[in-house]
Amino acid sequence: MTADAHLIDPLFDAPEQKACRAGFGDALVQLGERNEDVVVLTGDLADSTKVDAFQERYPDRFFEVGVAEQNMMGIAAGLALAGKIPFTSSYATFSPGRSWDQLRVSVVYTGANVKVVGAHAGLSVGPDGATHQALEDLAMTRVLPNLTVVVPCDYEETVKATHALAEHDGPCYMRFGRSQTPAFTTKDTPFRIGRAEVLRDGDDLTIVACGPLVYEALLAAERLHAGQVEARVLNCHTIKPLDLAAVTAAANETGALVTVEEHQVHGGLGGAVAEVLAQQAPTPLEMVAMPDHFGESGTPEELLATWGLTAPTIVERARRVLTRKGS
């Protein structure tokens, strides 16, 4: 295996900071130019979710539903069943948080080609506090049959993921955060739904990460390298369908794994990986995630550090799992 050649070296470069939600907004405008069937709905959050540019460019294909997320999901299902490709945009705490029943019955059960987008996900929403920090949405969505679940890692990958979701036939959920994060992939970095990408090679252990914390995983891998430990880093942007081949290969070839996500420790990426390991390749596993707790107000940097969602904690868990590997 070789690491991706189109990745900025996080140890020596200071990547530009860009928000994933900006990538989503930019991609929607591009899609609107290419495909007249693409439509966008929002629940009174056009500016916050960055769909306002689509609204300005294509007002006849934009639907302001208001603070009515359940209704928005039903409308989107109807549009999809009529041949459109609807993207719904809201905060993840509201959609799928408040509209899970409609997502389950009106969208996923019917197989409607709806693309549900949950913005402001994760702890890094910051000052908005616990009520707006969606840390449960991956557990809520990945349990639904035939729903594709995607968590892009940076601006460029969000652009690619948005295009990929539009081309994918079937219901999808994509989540991303609010704040600007390192833009460390390039236009040439591969992306395909359902395939994890090896961003750094290594044989001692594997760090499996999703979302902006992939960058923290890369930083952790560089710190481990300085201590003569070589960590493979997997960007597992698709939570469902999980790349079973990549996970089992990592287990068999490196013998220890650490999962990293901005989500509750239960039911997210870590849970998905644990299910695979238990059934196919029993392997020592540690999880870096929100430890069964609600969030709180603070800056994104303060909160991520307080709850251990940064490189130092990943390094600590990596060293801990290595001791289990050797026992």
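Brief remarks on what is shown
- Trypsin sites (Lys or Arg not before Pro) restricted to region 168-216 and DSSP loop, no more than 16 other C-beta within 10 Å: LYS187, ARG192, ARG195
- Global form of region 197-326, assessed from the alpha-carbon gyration tensor, a/c cut-off 1.5: oblate
- For region 273-286, Karplus couplings with θ = phi - 60° (6.51, -1.76, 1.60), whole Hz, Gly/Pro x: 5, 4, 4, 5, 4, 4, 8, 10, 7, x, 8, x, 9, 10
- For the chain, the 222 nm mean residue ellipticity estimated from helices alone, with every DSSP H stretch of n ≥ 4 adding -39500 (n - 2.57) and the total spread over all residues, rounds to -10500 deg cm²/dmol.
- Among residues other than ALA220 with Cβ under 11 Å from its Cβ, the summed charge is +1 (Lys and Arg +1, Asp and Glu -1).
- Cα gyration tensor category, rounded, prolate or oblate, for the chain with a/c compared to 1.5: prolate
- Separation of region 85-116 and region 218-292, taken as the distance between their Cα centroids, equals 28 angstrom.
- Evaluating 6.51 cos²θ - 1.76 cosθ + 1.60 at θ = phi - 60° for every residue in region 31-45, the Karplus couplings come out as 5, x, 5, 8, 9, 6, 7, 6, 10, 10, 10, 9, x, 6, 9 Hz, glycine and proline recorded as x.
- Sequentially through region 187-196, phi angles give Karplus couplings (6.51, -1.76, 1.60; θ = phi - 60°) of 4, 8, 5, x, 8, 8, 3, x, 10, 6 Hz, Gly and Pro residues having no value and appearing as x.
- Considering only ALA82, ALA281, ALA251, the mean-square fluctuation computed in a Gaussian network model of the chain, springs between alpha carbons under 10 angstrom, is largest for ALA82.
- Sites ARG192 and ARG34, calculated FRET efficiency, Cβ-Cβ separation with R0 25 Å, nearest 0.05: 0.85
- Computed from the C-beta positions of ASP60 and ASP292 and an R0 of 56 Å, the FRET efficiency is 0.75 to the nearest 0.05.
- Crossing angle, helix 213-226 versus the chain [Cα axis fit, 0-90 degrees, rounded to tens]: 10
- When each of LYS18/LYS115; LYS115/LYS160; LYS84/LYS240; LYS187/LYS240; LYS50/LYS160 is checked by Cα-Cα distance, pairs over 19 Å: LYS18/LYS115; LYS84/LYS240; LYS187/LYS240
- Cα gyration tensor category, rounded, prolate or oblate, for region 17-182 with a/c compared to 1.5: rounded
- Computed from the C-beta positions of HIS163 and GLU275 and an R0 of 41 Å, the FRET efficiency is 0.90 to the nearest 0.05.
- In a fully extended conformation the segment linking ALA68 and ASP101 would gain 10.5 nm over its present Cα-Cα distance, using 0.36 nm per residue.
- Were the residues from THR131 through LYS325 laid out at 0.36 nm apart, the gain over their Cα-Cα distance would be 66.0 nm.
Bear in mind these aren't lab numbers, they're just calculated from the coordinates by the rules spelled out. What you see is a predicted model, and the numbers here were worked out from it, not measured in a lab. Ideal geometry is used to build each Cβ from the backbone, glycine not excepted, and the neighbour counts take in all protein chains shown.
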